[in-house]
Amino acid sequence: MLQGPTGATRLLLRALRAQDVRGRTLLDVGGGVGTIQHDLLAAGIEHAVGVDASAAYLAAAREEARPRGWEDRVTLLHGDFVRLANDVPSADIVTLDKVICCYDDMPSLLGAAAARSRRMLGAVFPRDTWWTRLGIRLVNFIMRLRRSPFRTFLHPPQEVDSVLRRYGLTPRWQGGTLLWLVWVYARETVAVGRDPARRD
């Protein structure tokens, strides 16, 4: 069983649920083991599509869906989202939780995701601070020592904002943690829900 969302992911989910997700559809880009998918399915979304480059993560997401009884409400796709994007359906809500920092070509990744959002897009990505820059350098150094091709990237928040606005999305909620920014953007026609920071 999954341990459930923590930290920045929990903030993202709280912000999305504040906008009322019942009856909506979800596209979870780089969804991994399906933490966001399972949480929002429990909150009432109708159907979730998860895309991830890791077959092992997708297998875990599939195993988690089975005992919850919603295999028919989840579609899992294996591969690079940018390459698959033309065959991925649009959704009311698109999420990218700690995915932007794993992709060198941020405009292509985020643009493809934004183009498939009918209502909202939520993203978690690193703050542009000296400590995150140091951390990313350290991670990449370790990956090089291990001869791994994996790298992490720090994309400036203003560039992320620019891509989202270019696709007709505007800020609805912004927050975060010491390391991560948590942003929710929406189409101009989408009404603003209650403040996710409120606990009433």
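Some points to look at:
- Of all residue pairs spaced 6 or more apart or on separate chains, those with beta-carbon atoms under 8 Å, a first member in the range 165-181 that is over 16 Å from ASP128 (Cβ atoms) and a second member that is open to solvent by 60 Å² or more (accessible area, probe 1.4 Å) and acidic (Asp, Glu) are GLY168/GLU188; THR170/GLU188; TRP173/ASP195.
- Taking every residue in the range 17-34 that is within 9 Å of ALA91 (Cα to Cα) and among the aliphatic types (A, V, I, L, M) and pairing it with any residue that is in a loop (DSSP other than H, G, I, E, B) and open to solvent by 50 Å² or more (accessible area, probe 1.4 Å), at least 6 positions away or on another chain, the pairs with Cβ-Cβ distances below 8 Å are LEU27/PRO89; LEU27/SER90.
- Residue match in the range 151-160 (condition: more than 25 Å from ARG17 (Cα to Cα) and among the basic types (Lys, Arg)): yes
- For ALA65, the conditions (1) modelled with pLDDT of 95 or more; (2) over 18 Å from GLY168 (Cα atoms); (3) in contact with a strand residue (DSSP E or B) (Cβ under 7 Å, 6 or more places away or on another chain) are fulfilled apart from (1).
- Looking only at the range 142-159, and only at residues there that are open to solvent by less than 100 Å² (accessible area, probe 1.4 Å) and not in a loop (DSSP other than H, G, I, E, B), the one that is modelled with the lowest pLDDT: MET143
- Filter result for THR132 (of a type in the set (S, T, N, Q) and modelled with pLDDT of 95 or more): no
- As a summary of the residue check, ARG118 satisfies the conditions (1) open to solvent by 90 Å² or more (accessible area, probe 1.4 Å); (2) more than 23 Å from ASP52 (Cα to Cα); (3) in contact (Cβ under 8 Å) with a residue 40 or more places away in the chain except for the one numbered (2).
- Pair list, Cβ < 9 Å and 6+ apart or interchain, from the range 62-85 residues that are within 14 Å of GLY44 (Cα to Cα) to residues that are of a type in the set (Lys, Arg) and crowded, with 16+ Cβ neighbours inside 10 Å: none
The values are calculated or read from the model by the stated rules, or taken from the named source; none is laboratory data. What you are looking at is a predicted structure, and each value in this text was computed from that prediction instead of being measured. Ideal geometry is used to build each Cβ from the backbone, glycine not excepted, and the neighbour counts take in all protein chains shown. In case anyone asks, the SASA skips ligands and DNA or RNA and just uses the protein heavy atoms, side chains included. Shrake-Rupley method; radii C 1.70, N 1.55, O 1.52, S 1.80 Å.
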